[in-house]
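**Q** First the structure, which I've put down as structure tokens, then a few questions once you've had a look.
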Amino acid sequence: MKDLQRMLNDIEMEVHLTRHLIGKNSLNDRVMAAMKKVPRHEFLPPDLRYCAYDNGPAPIGSGQTISQPYIVALMSDLLDTKPSDIILEIGTGSGYQAAVLCQLVQQVYSVEIIEDLAVNARKRLNKLGYNNVEVRNDDGYFGWTEHAPYDGIIVTAAAPHIPQPLIDQLRTGARLVIPVGFPYSYQELMVVEKRANGEVETQMVLGVSFVPLTGEHDIETPRKDHPKPRI
């Protein structure tokens with residue numbers, strides 16, 4: 001498929017152009033194989049499928065977007081996954097990032113705050129045969145405690161600060177990949193590694209532009225009376 005190969009070539013070119021920022025000349029072969037395998041057009045509205053393999057974001061409804069393929073590949077690479085990993089994703093969106101992760105790990109748990117997107121992503125992923133992903137409609141700021149600790153956490157929306165509940169749910173030695181910043185302002189893609197003493201080490205990767213992480217994250221600490229998750 002020419003469009004798919006063009007997308008893969010574009011990702012490789014972006015990696016080359018940003019190599020001084022991301023600290024590598026190429027992405028993991030497993031990640032690139034996953035990007036090749038997932039049919040991106042299935043995760044876009046029918047009237048936008050003509051641009052499914054362009055190296056750019058696209059709207060998916062409800063004010064949300066599907067991320068640029070290069071960013072999806074880069075974040076998947078930065079997560080540094082193993083086939084046995086259990087991964088938490090915050091911000092399911094159309095389900096595309098989750099589908100890529102499904103090729104790389106044992107299980108993906110994904111949280112989406114917008115009900116329509118969560119329902120549609122669940123149906124889409126099931127229809128396409130991604131059986132190792134579970135989608136929940138809830139406020140992703142608070143993670144998904146039932147399956148913690150996770151071997152990695154990926155956040156596909158920008159938070160004004162790194163959510164403490166996600167750090168708490170991260171396995172020691174594991175990574176959290178998250179864009180940090182305010183809407184319509186400068187955002188930085190960050191890699192957060194949890195140390196044995198509970199402290200974290202952060203690495204800033206490059207500037208990005210994501211839709212905001214919505215919910216109750218405008219407070220510094222989560223409410224103790226946070227309602228039970230919506231299924």
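**Q** Please go through the range 129-165 and give me each residue that is of a type in the set (A, V, I, L, M) and more than 17 Å from GLY93 (Cα to Cα), ordered by number.
**A** Once the filter is applied, which keeps residues that are of a type in the set (A, V, I, L, M) and more than 17 Å from GLY93 (Cα to Cα), the range 129-165 yields ALA148, ILE162.
**Q** Here's another thing I want to ask about it. Closer than 29 Å to PRO45 by Cβ and more than 14 Å from the chain's Cα centre (by Cα): does that describe GLU146?
**A** No: the conditions fail for GLU146.
**Q** Which condition does SER94 not pass, out of (1) surrounded by fewer than 17 Cβ atoms within 10 Å (Cβ to Cβ); (2) under 21 Å from ASP138 (Cβ atoms); (3) in contact with a Lys or Arg (Cβ under 8 Å, 6 or more places away or on another chain), if it passes all the others?
**A** Against the list (1) surrounded by fewer than 17 Cβ atoms within 10 Å (Cβ to Cβ); (2) under 21 Å from ASP138 (Cβ atoms); (3) in contact with a Lys or Arg (Cβ under 8 Å, 6 or more places away or on another chain), SER94 comes up short only on (1).
**Q** Tally the residues that are part of a helix (DSSP H, G or I) and closer than 20 Å to LYS82 by Cβ, restricting the search to the range 12-35.
**A** Number satisfying all stated conditions: 7.
**Q** Which count do you get for residues in the range 172-194 that are modelled with pLDDT of 95 or more and basic (Lys, Arg)?
**A** The qualifying residues number 1.
**Q** Tally time: how many residues in the range 106-122 are crowded, with 24+ Cβ neighbours inside 10 Å and over 19 Å from PRO163 (Cβ atoms)?
**A** 1
**Q** Right, here's the next one. Any idea how many residues of the range 140-184 are closer than 13 Å to SER76 by Cα and aliphatic (A, V, I, L, M)?
**A** Here the count works out to 6.
**Q** Select from the range 172-201 the residues that are of a type in the set (S, T, N, Q) and in a loop (DSSP other than H, G, I, E, B) and write down the one among them that is surrounded by the most Cβ atoms within 10 Å (Cβ to Cβ).
**A** Ranking the qualifying residues of the range 172-201, first place goes to SER185.
**Q** Still on this model: Take residues that are at pLDDT 95 or above and of a type in the set (Val, Ile, Thr) and tell me which of the strands (runs of 3 or more DSSP E) falling wholly in the range 59-171 contain 1 or more.
**A** By residue number, 86-90, 107-112, 133-137, 150-155.
**Q** Restricting attention to the range 5-43, and to residues there that are under 28 Å from ALA121 (Cβ atoms) and basic (Lys, Arg), which single residue is surrounded by the most Cβ atoms within 10 Å (Cβ to Cβ)?
**A** ARG40
**Q** Now, a different point. So which residues in the range 36-58 are of a type in the set (Ser, Thr, Tyr) and either under 16 Å from LEU128 (Cβ atoms) or assigned to a helix (DSSP H, G or I) (or both)?
**A** Of everything in the range 36-58, just one residue is of a type in the set (Ser, Thr, Tyr) and either under 16 Å from LEU128 (Cβ atoms) or assigned to a helix (DSSP H, G or I) (or both), namely TYR50.
The values are calculated or read from the model by the stated rules, or taken from the named source; none is laboratory data. Values in this document were obtained by computation on a predicted structure and should not be read as measured data. With ideal geometry, Cβ positions are generated from the backbone for all residues, glycine too; neighbour counts draw on all protein chains shown.
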